[in-house]
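Remarks on the structure that follows.
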Amino acid sequence: MRLTVDQYRTIVAHCLDGLPDEACGMLAGPMTADGEPTGVVSTVYPCRNADASGRTYTVEPRDLLRAMRDAEARGDDLMGVWHSHTHTDAYPSHTDVRQAVDPAWIYLLVSLRHGELAMRAYRIRDGAITEVGVSVE
């Protein structure tokens, strides 16, 4: 998965601004003909955490709709979601796996656990977790 420096900064700033709660947002970009993300992120959409919790997140439905509409208008698709882990490592929790809504999506996690930021991405398919590389260009 490829992020621009500005996208990376937007995600990190949103995660830090969200403290002590988990922060979340959507990722948009082009998809291949078979419905898989190309890995290029075109737009990041900071969203509100409807749970207002330091342990769980739910993307605010109005923010999700706004992101979906804007991505479609740009000729892109939602290709994933990001959220922060305020108390745990950047690895999908049992809740993250259970709530993974789309097997084609990339799930980007930002850990703020140790005072040092860690960012990792995953695919979650049928409960199986596979790490995806993240590059910032």
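Some points to look at:
- Exclusive hit being among the aliphatic types (A, V, I, L, M) and over 15 Å from residue 8 (Cβ atoms), set 90, 121, 67: 67
- Residue that is surrounded by the most Cβ atoms within 10 Å (Cβ to Cβ) [pool: residues in the range 110-121 that are of a type in the set (A, V, I, L, M) and within 14 Å of residue 80 (Cβ to Cβ)]: 110
- Residue 72 being farther than 25 Å from residue 21 by Cβ, out of contact with any helix residue (DSSP H, G or I) (no Cβ under 6 Å at 6 or more places or on another chain), outside any strand (DSSP E or B) and not basic (Lys, Arg): yes
- Screening the candidates 65, 16 for the property of being surrounded by fewer than 14 Cβ atoms within 10 Å (Cβ to Cβ), out of contact with any strand residue (DSSP E or B) (no Cβ under 8 Å at 6 or more places or on another chain), at pLDDT below 95 and not aromatic (Phe, Trp, Tyr) yields one hit, 16.
- Checked against the criterion of being touching a residue at least 12 places away in the same chain (Cβ under 8 Å), among the hydrophobic types (A, V, I, L, M, F, W, C), part of a loop (DSSP other than H, G, I, E, B) and surrounded by fewer than 17 Cβ atoms within 10 Å (Cβ to Cβ), the candidates 33, 90, 52 yield just one match: 52.
- Among the candidates 124, 106, 129, residue that is crowded, with 20+ Cβ neighbours inside 10 Å, over 17 Å from residue 18 (Cβ atoms), more than 11 Å from the chain's Cα centre (by Cα) and of a type outside the set (Asp, Glu): 124
- Failed condition for residue 130, given (1) touching a residue at least 12 places away in the same chain (Cβ under 8 Å); (2) assigned to a strand (DSSP E or B); (3) farther than 17 Å from residue 7 by Cβ: (1)
- Only listed residue being assigned to a strand (DSSP E or B), under 20 Å from residue 133 (Cβ atoms) and β-branched (Val, Ile, Thr), chosen from 12, 81: 81
- Meets criteria (basic (Lys, Arg) and either within 15 Å of the chain's Cα centre (by Cα) or at positive phi (or both)) for residue 98: no
- Leading residue by the ranking (nearest to residue 52 (Cα to Cα)) among those in the range 85-110 that are of a type in the set (Ser, Thr, Tyr) and at pLDDT below 95: 86
The values are calculated or read from the model by the stated rules, or taken from the named source; none is laboratory data. On a predicted model such as this, the values are computed, not experimentally measured, just so you know. Reconstructed Cβ throughout: ideal geometry from the backbone, glycine too, with neighbour counts over all protein chains shown.
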